[in-house]
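A short write-up of the structure that comes next.
The values are calculated or read from the model by the stated rules, or taken from the named source; none is laboratory data. What you are looking at is a predicted structure, and each value in this text was computed from that prediction instead of being measured. A quick note on method: Cβ atoms are made from the backbone with ideal geometry, for glycine too, and the neighbour counts reach across all protein chains shown.
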Amino acid sequence: MRYFDTHTHSQFSPDSLMNMESAAALCLKKGLAGLVFTDHMDIDTPTGVESFMFDPGAQQAEAERVSREYNVELLKGIELGLQPGTVEKSRERLSPFTFDTVILSVHSVDGMDPYHQPVFFEDKDHIRAYGRYLETILECITKYRDFDILGHYDYITRYAPYRERNLRYRDFPDLLDSILSYLATNGKALEINTNTYRAKYKGATAPDEGVFKRFRELKGEFVSIGSDAHSSDRICENFDLFGEFAKSCGFRYLTMFRGRKASLTAI
Ligand SMILES: [Zn+2]
Ligand SMILES: [Zn+2]
């Protein structure tokens, strides 16, 4: 496969079982173009889990070493988990480092992490819960502009208790238009996070055609696919399937970022 996996977690992420060497070996075995290690950095998590932090200097040195040893392209990235109140601290924390790819993700809403704190959903229907998630994304991306990819725009669906869990464009046209036009205008990528659509999250959901077609209408050019792998067997999982999905929504290329510059691969 000629695609690049733009979203993976190595041993530098506290919740990952994947060491960089096993990832490199898997790339060689499957003939993959390479991948980006985008380890977690979430400052001031609501549950006080301060371990969602890593030393980019050490991570980058290890990525370089393994990349040389295995002769496969392993790029230096980060998944920055943001809350509106952590924007300044995050900026400071990242400023000494350079990355190939910065993914901006939202994992917490209103001081709650829906993964660890399902109480977030208790007094909300899906319109309110997903709406607050999208509002938080919008606030974060307009405050923190130094990123390349918006990670898993529908992360909130993974842990949601509703019978119909997909996050659909038709339910949030105004909010999604604000987010998508911001991404399109500023040359940012919208991610298809294949981890989100795995059956393990209470039955599979799917990326919404309405969201991606609207992104294209708004002149969005960059779509990335990331497995969000926390173990090497999941690297590039279902990329062909979701590549075809992107194509059916009007995108002819998938995007990855090397040295913060977009690089396109035909689907
Ligand atoms: Zn994430
Ligand atoms: Zn991730």
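Numbers for the structure displayed
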{"quantity": "Number of positions in the range 194-249 that are within 16 Å of ligand 1 (Cβ to nearest atom), touching a strand residue (DSSP E or B) at 6+ places or on another chain (Cβ under 7 Å) and not in a loop (DSSP other than H, G, I, E, B)", "calculated": "5"}
{"quantity": "Residue in the range 155-170 that is under 25 Å from F97 (Cβ atoms), in contact (Cβ under 8 Å) with a residue 60 or more places away in the chain and within 16 Å of ligand 2 (Cβ to nearest atom) present", "calculated": "no"}
{"quantity": "D174 vs. criteria more than 16 Å from ligand 2 (Cβ to nearest atom), more than 16 Å from the chain's Cα centre (by Cα) and at pLDDT 95 or above", "calculated": "yes"}
{"quantity": "Some residue of the range 181-188 being surrounded by fewer than 17 Cβ atoms within 10 Å (Cβ to Cβ), hydroxyl-bearing (S, T, Y) and touching a Ser or Thr at 6+ places or on another chain (Cβ under 8 Å)", "calculated": "no"}
{"quantity": "Residue selected from the range 97-137 under the condition within 26 Å of R260 (Cα to Cα), surrounded by 17 or more Cβ atoms within 10 Å (Cβ to Cβ) and among the hydrophobic types (A, V, I, L, M, F, W, C), by the criterion farthest from ligand 2 (Cβ to nearest atom)", "calculated": "L134"}
{"quantity": "Residue among L17, L80, L94 that alone is within 16 Å of ligand 2 (Cβ to nearest atom) and under 25 Å from V223 (Cα atoms)", "calculated": "L80"}
{"quantity": "Pairs where the first residue, in the range 122-139, is over 10 Å from L175 (Cα atoms) and the second is of a type in the set (K, R) and assigned to a helix (DSSP H, G or I), C-beta under 9 Å, 6+ apart", "calculated": "K124/R132"}
{"quantity": "Test result for L138, in a helix (DSSP H, G or I) and either in contact with a His (Cβ under 8 Å, 6 or more places away or on another chain) or within 20 Å of R91 (Cβ to Cβ) (or both)", "calculated": "yes"}
{"quantity": "Residue in the range 76-86 that is without any contact (Cβ under 8 Å) to a residue 24 or more places away in the chain and more than 16 Å from ligand 1 (Cβ to nearest atom) present", "calculated": "no"}
{"quantity": "Set A24, A58: member being crowded, with 22+ Cβ neighbours inside 10 Å, of a type outside the set (V, I, T) and touching a residue at least 12 places away in the same chain (Cβ under 8 Å)", "calculated": "A24"}
{"quantity": "Flag for I141 being farther than 23 Å from Q59 by Cβ, buried (at least 16 other Cβ atoms within 10 Å of the Cβ) and of a type in the set (A, V, I, L, M, F, W, C)", "calculated": "yes"}
{"quantity": "Any pair with Cβ under 6 angstrom, 6 or more apart, that starts in the range 1-14 at a residue that is closer than 13 Å to V72 by Cβ and ends at one that is of a type in the set (S, T, Y)", "calculated": "D5/S227"}
{"quantity": "Selection from the range 198-212 of residues that are within 22 Å of S178 (Cα to Cα) and without any contact (Cβ under 8 Å) to a residue 40 or more places away in the chain", "calculated": "F212"}
{"quantity": "Conditions (1) touching a helix residue (DSSP H, G or I) at 6+ places or on another chain (Cβ under 6 Å); (2) crowded, with 23+ Cβ neighbours inside 10 Å; (3) free of Cβ contacts under 8 Å to residues at least 60 places away in the same chain; (4) not β-branched (V, I, T); number of the one not met by H152", "calculated": "(3)"}
{"quantity": "Evaluation of Y197 against (1) over 24 Å from F120 (Cα atoms); (2) within 16 Å of ligand 2 (Cβ to nearest atom); (3) among the aromatic types (F, W, Y) (one fails), failing number", "calculated": "(1)"}
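Conditions (1) of a type in the set (G, A, S); (2) crowded, with 18+ Cβ neighbours inside 10 Å; (3) away from ligand 2 (no atom under 14 Å from the Cβ), marked per residue:
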site	(1), (2), (3)
S13	yes, yes, no
M41	no, yes, no
N71	no, no, yes
L74	no, yes, yes
